[in-house]
């Protein structure tokens, strides 16, 4: 049996598919799917498949942003923690925290007002990680731009 990586309740996450070295993330076993704070989502056709172009806000003031593109793997109705439902684009991307890696489904949504730009849900961690709720930042902080 492989040893599972221990993650703190809050961690810096790298998103190498988008060239992001660090984004503040909450590790949340109460959420099924991971989510990423994005703005300006726009669906388009590329190579006969549906893609989405979006802007990732790297900080809470949305001063630092990156525009990215990814194939849409699904559109899903999601109920947020406030009980509101919305349709979200779902993409797959690599998540990295220290030595831990996961190919995860990530929904694109507006997390305005949330301190963490990303939420890591339990399906991304399933079988590979556990969460220590008493600690944050158990892994070396990557060099942030």
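The values are calculated or read from the model by the stated rules, or taken from the named source; none is laboratory data. Since the model is a prediction, treat every value here as computed from it, not as a measurement. Here the Cβ positions follow ideal geometry from the backbone for every residue, glycine too, while neighbour counts run over all protein chains shown.
Sort out which residues of the stretch 75-113 are at negative phi and part of a loop (DSSP other than H, G, I, E, B), and write them in order of number. Scanning the stretch 75-113 gives 80, 81, 82, 84, 99, 110, 111, 112.
Between 105, 92, the distinction of being over 15 Å from residue 26 (Cα atoms), in contact (Cβ under 8 Å) with a residue 24 or more places away in the chain and within 10 Å of the chain's Cα centre (by Cα) belongs to 105 only. The residue list 56, 39 contains one member that is surrounded by fewer than 17 Cβ atoms within 10 Å (Cβ to Cβ) and either touching a strand residue (DSSP E or B) at 6+ places or on another chain (Cβ under 8 Å) or assigned to a strand (DSSP E or B) (or both), which is 39. Screening the candidates 121, 83, 127 for the property of being within 15 Å of residue 30 (Cα to Cα) and surrounded by fewer than 17 Cβ atoms within 10 Å (Cβ to Cβ) yields one hit, 83. Checked against (1) more than 18 Å from residue 129 (Cβ to Cβ); (2) without any contact (Cβ under 8 Å) to a residue 60 or more places away in the chain, residue 3 passes all but condition (1). If you go through the stretch 63-74 one residue at a time, do you hit one that is closer than 27 Å to residue 8 by Cα, part of a strand (DSSP E or B), modelled with pLDDT of 95 or more and touching a strand residue (DSSP E or B) at 6+ places or on another chain (Cβ under 8 Å)? Within the stretch 63-74, not a single residue is closer than 27 Å to residue 8 by Cα, part of a strand (DSSP E or B), modelled with pLDDT of 95 or more and touching a strand residue (DSSP E or B) at 6+ places or on another chain (Cβ under 8 Å).
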